[in-house]
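Remarks on the structure that follows.
The values are calculated or read from the model by the stated rules, or taken from the named source; none is laboratory data. Treat the numbers as computed from the prediction; the structure is a model and nothing was measured. Glycine gets a Cβ as well: all are built from the backbone with ideal geometry, and neighbour counts include every protein chain shown.
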Amino acid sequence: MKENKTTYQSIDEYILQFSPDIQEMLKMLRKVIKEAAPDAEEKISWGMPAFTLHGSLVYFAAHKNHIGFYPAPSGIEAFKQELSEYKAAKGSVQFPITKPLPYELISKIVRFRVAENTKNKKDKLKSNK
């Protein structure tokens, strides 16, 4: 894959580079993530949209034939059964652009990651006392 040298200042700027149909998918994906993680911060990291809350939460990116969703290995493992119809790797899943994105499943994964990061932060605070 060709390395992307373009740097984006915002998620809006990232989304605008794509065709209108892909933009709509990405806007809806962003909305679903924000609803599932209302306290998360948006940023561009590794050249793609990212959400953080007590550390990295999830990333997403549009590719030629799929939307990549990156909820960390724990997010993939916890939903392995529900994600079985998609191409997945240790910390990522590919949703084909020819099919509707599974927004409800994405929301569940994001909520799982919020709970996980929140628990990890609390555990870390406890161990530091």
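Pick out the one residue from Glu35, Glu42, Glu24, Glu82 that is charged (D, E, K, R) and either touching a strand residue (DSSP E or B) at 6+ places or on another chain (Cβ under 9 Å) or at pLDDT below 95 (or both).
Matching residue, one of Glu35, Glu42, Glu24, Glu82: Glu42.
Mind telling me which of the residues Lys90, Lys80, Lys31 ends up being exposed (fewer than 13 other Cβ atoms within 10 Å of the Cβ), touching a helix residue (DSSP H, G or I) at 6+ places or on another chain (Cβ under 6 Å) and under 30 Å from Asn120 (Cβ atoms)?
None of the others qualify; the one that does is Lys90.
Tell me, please, whether a residue that is of a type in the set (D, E, K, R) and in contact with a Pro (Cβ under 9 Å, 6 or more places away or on another chain) can be found in region 93-103.
no
Condition test on Ile67, is it more than 26 Å from Thr6 (Cβ to Cβ) and crowded, with 18+ Cβ neighbours inside 10 Å?
When the stated conditions are applied, Ile67 does not pass them.
Test each condition in (1) in a loop (DSSP other than H, G, I, E, B); (2) of a type outside the set (Ser, Thr, Tyr); (3) under 14 Å from the mean Cα position of the chain (by Cα) for Ile76 and report the one that comes out false.
The number of the failed condition is (1).
Just to be sure before I move on: is Ala62 of a type in the set (A, V, I, L, M, F, W, C), touching a helix residue (DSSP H, G or I) at 6+ places or on another chain (Cβ under 7 Å) and free of Cβ contacts under 8 Å to residues at least 24 places away in the same chain in the structure I sent?
no
Between a first residue in region 21-42 that is closer than 19 Å to Tyr8 by Cβ and a second residue that is modelled with pLDDT of 95 or more and surrounded by fewer than 18 Cβ atoms within 10 Å (Cβ to Cβ), which pairs have beta carbons less than 6 Å apart while being 6 or more apart in sequence or on different chains?
Between residues of region 21-42 that are closer than 19 Å to Tyr8 by Cβ and residues that are modelled with pLDDT of 95 or more and surrounded by fewer than 18 Cβ atoms within 10 Å (Cβ to Cβ), the close pairs are Glu41/Thr52.
Would you pick out the residues in region 109-129 that are surrounded by fewer than 17 Cβ atoms within 10 Å (Cβ to Cβ) and touching a residue at least 60 places away in the same chain (Cβ under 8 Å)?
Passing the criteria: Arg111, Thr118, Asn120, Lys121.
Do we find that Leu105 is of a type in the set (A, V, I, L, M, F, W, C), under 15 Å from the mean Cα position of the chain (by Cα) and closer than 21 Å to Lys27 by Cβ in this structure?
Considered against the rule, which asks whether it is of a type in the set (A, V, I, L, M, F, W, C), under 15 Å from the mean Cα position of the chain (by Cα) and closer than 21 Å to Lys27 by Cβ, Leu105 comes out as yes.
If we scan region 88-96, do we find a residue that is assigned to a strand (DSSP E or B) and closer than 16 Å to Val32 by Cβ?
Checked against the condition, which is being assigned to a strand (DSSP E or B) and closer than 16 Å to Val32 by Cβ, region 88-96 yields at least one hit.
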